[in-house]
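Below is one structure, written out as structure tokens; the observations come after it.
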């Protein structure tokens with residue numbers, strides 16, 4: 001189900017840990033998706049900040065599949081959805 005959501009909001013995605021953290025700090029994120037098979041040291045900061053800022057976070061099984069549904073040719077450990085302005 002989460003992959004479907006990512007596909008639906010493809011034009012509003014922020015892909016990657018650094019970009020996601022920056023956007024979260026700027027109040028630009030409505031929710032985040034974190035791949036379960038990603039290294040925890042990569043995703044832990046995003047998960048912690050999401051909890052701190054009350055940003056909903058969802059888990060997906062595969063970083064490879066998350067990258068594919070985002071339309072990139074690499075694995076995606078973390079993806080965020082931009083808020084609608």
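Below, the figures for the structure above:
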| read-out | value |
| --- | --- |
| Cα-only Debye scattering, the chain: base-10 log of I(q)/I(0) at q = 0.27 Å⁻¹ | -1.51 |
| Estimated FRET transfer efficiency (residue 74, residue 7; beta-carbon r; R0 25 Å; 0.05) | 0.90 |
| Percent antiparallel among DSSP beta bridges (both partners in the chain, rounded to 5) | 65 percent |
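Where a number appears in this text, it was derived from the coordinates with a stated rule and is not lab data. Note that this is a predicted model, so its numbers are computed, not measured. Using ideal geometry, Cβ is built from the backbone for each residue, glycine included, and neighbour counts are taken over all protein chains shown.
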